[in-house]
Structure formats: structure tokens, C-alpha cells
Amino acid sequence: MPNLLSKASVNYPPRLTGRVFAVLLAIFIFSASAFAQDASQARINIQRSGISVIEALKEVEQQSGLSVGFNNSKLEGRQTSLNLSNADLSTSLSQILKGTGYTYEISGNFIKIVGEKGAAAAGNAKASQGALETITGQVIDPEGEPLIGATVAVKGTSTATSTDIDGNFTLKARPDDTLLFTYIGYAAQEHKVGANTTFDITMSEDSKMLDEVVVTALGIKREQKSLSYNVQQLKGDVLSENKDANFINGLAGKVAGVNINASSSGVGGISKVVMRGTKSIMQSSNALYVVDGMPMRGANSGGSTEFGSQGSTEPIADLNPEDIESMSVLTGAALYGSEAANGAIVITTKKGQAGKTKVTYNSSLTWDRALITHRIQSRYGTGTGGAYVPTSNMSWGAPLTALNNYGYDYANDYLQTGFLSTQAVTFSTGTDKNQTYASVAAVNSKGVVPNNRYDRYNFNVRNTTSFLNDKMTLDVNATYIKQTDRNMVNQGTYGNPMVGALLFPRGNSWNDIKSYERYDAERKLDTQYWPVGDYGMTVQNPYWINYRNLNENNKDRFMLGAHLSYQVLPYLTLAGRIRVDNSYNDYTQKNYASTNDQLTGGSNRGYYGITKSSDKQIFGDFLVSFNKTFGTDWSVQANFGGSISDMRYDALAVNGPIADGVNDKFNGVPVGLPNFFAVQNLSTPHMTNMQTGWHEQTQSLYASADIGYLNTYYLTLTGRNDW
């Protein structure tokens, strides 16, 4: 099937001249400074037990609008419990830094976290330092670009300023003073004033300040640098940049070393995610999908083979991408055992936000056209051996002329313009004790192959509540998904309409073929029109396959989950989770009368099949987490847990031909009604009845320990056993 390309228009803003841009940016900096002064009067709301000091400072930065500068390595591992409700900035900082040996200084739009001894010395400036002098200079980055808004402060005092649009600064200092240069994401620098009155400073990136916390196995958050395997994290909005019915396809080109292979089933089809090469020629090389710490079952079927046209979708494709907060791609996830031997994709979904009510609406419409098509000769017409043969299905006859060259091009004459429409509404609200998130989404699409449809509707609600002074948290969610699809094209030869479209003789008129059925007065019904034969491969009129060989699927999926955690001590947490994920599918196959009899069991009256199946998964686990810092050098993060995964698949299938009274195989069998698709209308002796399924349960225990030294060196130990 041809590859597809989604097109979208982009509106670019008008270009600003350098002078206008500088003026606007200066106005912005002035406004930001004024905002920061107002923000110093901000009220802080943090009500959490066992929150890290660093995380609390980041909350202050976000809620106040002021920049907070601190040394990660000095505050790493320190935790506190906060109950701040509409507290002023000074009270909030004092509570956060209590017992840490650090205090704060507010200067303009910047908050500095400094040692208490250094702060005490701030007010002891001596007259012997000398007279105040005007100090000027410029602050730039490693590429020589000016850093706007960098903080230049006199260490130990409240004197500070910020660099302007050109990175320049001016302030008063004495010769014995030390200047402190800070900027978010860059290492702080100190310079003695001495006899210098001009400083040109080049800042360098601070790897400690750039440390990133990522979601890993079992939903555990860790610093990326402490991991013994590679991990890449993406925010949820990245997946929404290029809309696709299966959001996994949105990862293409965004994650290093990961290949996304979309199937030819059309919109909503299954995708194969392979990390750094195929691992096995016999088993699946697909990555494991994990949603909110719990593994999700994979697809049960790869679709039909050469005699069918049942495409295949997968459970992960049912998720609404607007519900995704972030996604981590792990090349190694030992705590998931052999299931994650090919890597894991860990998905974290959104929760409600405390303190405000927010409603969002997202809509997109994408048009699809075939991008890369087959190159087919258009020099010779219908026939063989260089001679025109009207009844031939070959295209090696006499050279085409203006009289018999119809200019047939399957990409334009047969394939159509597809579309993908997505609509999503999300709702978020909450208080410090209770947060709620809900969403409704619709995906409606049409494939480039005629009569290929995929429609999905998602309903999701999630509620998070804290109890017992925020030591206990209960998180519950419920999701319902309704999906219907039609004619998800398979790669097989006999049920694939693309075969007939590609092989159609070049000297014939395609407009004649578009009338794919003609009324048969003798049979009193419409029958297939395809005068060029089956090529010895059961080839039919492509439009007949599209509209009269119908393969339709209806799915209802229900997911219910709960997560309960309790913080026994500031460094010890107990948690348990459970999720029920059930899907119910109705798949039908309808081949109308006059379909090639190799596809109807020899009947010229039609063929019908129905399969009812269910996928059920129950997953539960528990986890004991220990996270503590010993002194300023050592840290230990340990986890012990267990899980049980119970999966069951059941299917009941009935299919067979409708007896036609013509084929000898139906002798003595009551003749059925053509195109009446019901089990009771099938030829009973030739029906196939099949009840099948499987049941698999996995019980697991696992443990991990990470020992850190100086926030630089880490020893990681993991173990797991499955039964």
C-alpha cells in the first residue's frame, strides 16, 4: 500500500527589524521586572508530605514568577513536609529551608539560596572595604551571544542587578567585594572586584542544574544521570504536533534509535516499535507499553493472510493522546523482566490541577494523499507479444496511441484523498485535597483506499484525593472507548484491492470499471463487473472488494484503575495498584454474491462469517519505596515489590458459504438467500464453528537498589523472578 503524507498549512509571523525587536524586548524585560516585583507579594500553596526541598523551590518559582537560584548538589536528597496555604513568600521560603542550614535573599526578580553563615555576614560590610565604585561589564554564553536577565550580585549583600538586552550591567561595589554571576542552567561564577571596574563574563552550562528527572520502570521518578540504561522523555504535546489515529506513529523521528513501522492496514492500524534493531527472527521485537506504571497487553492478532482482508489494530492505539502527560522510552527496564527485553515505552497520563479550573478544546483536520507510488509503464497497451488482444489482462500489447491511451493512473483514478479529524475536550479542576480530570475525544477518519473508515470515541475521568495530612493518596480512573473500523486493508494478495488497481491493463478505460456491479436480470440481483479476468490470482474489481467484500469490526473497551499510596515515613512509602482492562469485539466478514468463488467456499450466493471475542486483563501490584540521603555524600533509593498479571482471550467464530444449489458440493442442502448475512442462512454441512482462547497468569517479585555517592557515582542492583 502506498505511503501517506499528511499536509498542513503553516502561518509565519511578519519579520521584525532588529531595532523594533530590540525595543519590544526591552519593553518585555521592563514588564517582566515589574511583574516580578508584584510576584514577590505572591501567595504560595504547597501541601505535601515528603516533598524534596528542590521540588518545593521549583514550586515557589512557578507560583511566584521569580527565578530561584540554588546549588543542586547541596540540597539534593533533602526532604520536608509543608502545609502552606495562601502563605506569603517570606514564610514559605523559611518553612522550606528550615533545618537545611540555608536561607534566602530576594533581589529584584531573583531569589538566591545561600548558606546561613554567608547571609549573617551580609550585614557586616566594613568601612575598610573602600569607597563604592561603578562596576560595568557584559555577560555572554559560550557562543558569544548576550545573556538577557542574568543576575549580577555583590556576594553577601542585597545589592544586585540584571543584564539588559545586550547582556550589559552596571552596579556599585567596593574593591573588597566579590561579584556573583548566576543564570538559570549555567554554573555560577564568583569574581573579586579588586582594582577592576569592568568584567566580561562567559557563562558555561551547569550539568548539575540541567539534571532531568524522568519516569522509569514502575512509575518511579529518578534523575536521568543515575540510570544504568538509556532513557529519552517526551512531553505529551509533542505527540499532538502531527495527528494520527494511532498516536504511536507520532514518535517517528522524535526518539533516537527507535524505528516506527506503520502497517498497511490504513488509519488506526497496528504499528511496530523497534529499538535499535530487530532482536529476534522468531519472537516479537516490539517494545513493551506501560501506562501509569502498569504493563498493557499487546495485540493478539496480526490480521489476515493472503485469503483475507482483516487488518489489525492494537490496544495502545486506543488511548487519547490529549490524556498523555509525558512518555519515557527506556532501552532497558529490568524490573519488567523478559517482557521488556526489547525496551519499554512508559506513558504517564494527566491528573487534575489544584487551585484552578481549566477547560481546553483541541481540533485538527489532516488531509492524506499517496506520496510514493509504484512506477508503472504506460507505453504499451492491452495485449501480449506486442499485439493488441482485447480480452487480455496484460499490458504488453501494441504501443499506446492517442485513441487508446486513457492515461490511467491508479494514484489519481483509484486512490482518493483521505482525512483525519480529531476533536478533544479536557477538563481539570481541584483543591489541595482533591483534583479531578476528565476528557472526551473523537477520531474520525477516511483512508486513501475507498470505503476504508476508522472511528473512535474516548471518555475518561480521573480523581486524586489525599487523606491523613496528605500522607495517603487515592487515585482512581475510569475509561470507556468505542471503536468501529471498516476494511482495514491487509497485505495479502486475494483480499487486497490494490492488486487489481495495479495490474489493470493500460489500454482499457477505468471509467468503465468504476461501475463495479451490473444488474443480472436472470438472478435478479447486482453482480460483479470485472471483464479482465482474475490473473490466476483471484483478482477482483477493486471497487467490488471495497464495497462488496466488507470486513467490519466493532469494539467496546472498559478500563478501571485505582492506586493507593501511604507515606509511612518521610523516606518510606507503601503503594498498591490494580487495573481491569476488558475489550469486547464483534468482527464480521460479508462477501456478496458473485464474489470469486475461491473466497466464498464455492458459492455464488455469498459468504458470511462472524467472530465474537473478548480480551481481559487484570493487573495488580504493590511497591515498597525507600529514598533517603545520608549526610551530604551518600544516597540510597531502594524498591521492593510484586505483581500479578492475569490475561485471558476467548473467541467464538462461525463462518461459511450460502448454499447456491449449483455447485455439486451443495447437493441436498437447502438453497440460501443471496446476500442475506445470518448464521441460519449458511450451508450447515459446510459451516466452520470454532471456539478458541487462552489464559495466562504471571506472578512476579522484584527489587532494585541505587546507591549514590557525591551525586555523581551510582551503583544499581536489580532482580526479578517470574512464575
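When only residues in region 395-408 that are part of a loop (DSSP other than H, G, I, E, B) and touching a helix residue (DSSP H, G or I) at 6+ places or on another chain (Cβ under 9 Å) count, which is nearest to T366 (Cα to Cα)? Walk me through it before giving the result.
Within region 395-408, the subset part of a loop (DSSP other than H, G, I, E, B) is 396-398, 400-408.
Imposing the further condition that a residue be touching a helix residue (DSSP H, G or I) at 6+ places or on another chain (Cβ under 9 Å) reduces the set to 406-408.
Working: Y406: 31, G407: 29, Y408: 27 Å.
Filtering first and then ranking leaves Y408.
The rows are residues; the columns are (1) surrounded by fewer than 18 Cβ atoms within 10 Å (Cβ to Cβ); (2) within 25 Å of N546 (Cβ to Cβ).
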| site | (1), (2) |
| --- | --- |
| G386 | yes, no |
| V389 | yes, no |
| N412 | yes, yes |
| L415 | no, yes |
| G418 | no, yes |
| N434 | yes, no |
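Looking at D534, D586, D556, which is the one that is touching a residue at least 12 places away in the same chain (Cβ under 8 Å), more than 39 Å from the chain's Cα centre (by Cα) and farther than 30 Å from Q79 by Cα? Walk me through how you get there before you give the answer.
On the way: D586 fails: more than 39 Å from the chain's Cα centre (by Cα); D556 fails: more than 39 Å from the chain's Cα centre (by Cα).
Only one candidate passes the filter, namely D534.
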* Structure fact -> Over region 148-183, the set of residues aliphatic (A, V, I, L, M), buried (at least 20 other Cβ atoms within 10 Å of the Cβ) and part of a loop (DSSP other than H, G, I, E, B) is A150
* Structure fact -> Those residues of region 457-505 which are crowded, with 22+ Cβ neighbours inside 10 Å and charged (D, E, K, R) amount to R462, D485
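Please return the ranges of helices (runs of 4 or more DSSP H) entirely within region 495-589 where 3 or more residues are aromatic (F, W, Y).
Details: elements: 497-503, 510-514, 542-548.
Where helices (runs of 4 or more DSSP H) fall fully within region 495-589 and carry at least 3 residues being aromatic (F, W, Y), they are 542-548.
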* To do: Restrict the check to region 25-33 and report whether at least one residue is surrounded by fewer than 13 Cβ atoms within 10 Å (Cβ to Cβ), hydroxyl-bearing (S, T, Y), modelled with pLDDT of 75 or more and in a helix (DSSP H, G or I).
  => no
* To do: For region 6-18, state whether one or more residues are touching a strand residue (DSSP E or B) at 6+ places or on another chain (Cβ under 6 Å) and modelled with pLDDT of 50 or more.
  => no
* Pull up region 342-378, narrow it to residues that are at pLDDT 90 or above, part of a loop (DSSP other than H, G, I, E, B) and more than 26 Å from S445 (Cα to Cα), then point me to the one that is most open to solvent (accessible area, probe 1.4 Å). => K351
* Of (1) loosely packed, with under 13 Cβ neighbours inside 10 Å; (2) out of contact with any strand residue (DSSP E or B) (no Cβ under 8 Å at 6 or more places or on another chain), D660 satisfies all except one. Which? -> (1)
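The values are calculated or read from the model by the stated rules, or taken from the named source; none is laboratory data. Bear in mind the structure is a predicted one, so any value in this text is a computation, not a measurement. Please note: Cβ atoms are built from the backbone with ideal geometry, for glycine as well, and neighbour counts cover all protein chains shown. Surface areas here come from the heavy atoms of the whole protein model, side chains and all, with no ligands, DNA or RNA. Shrake-Rupley method; radii C 1.70, N 1.55, O 1.52, S 1.80 Å.
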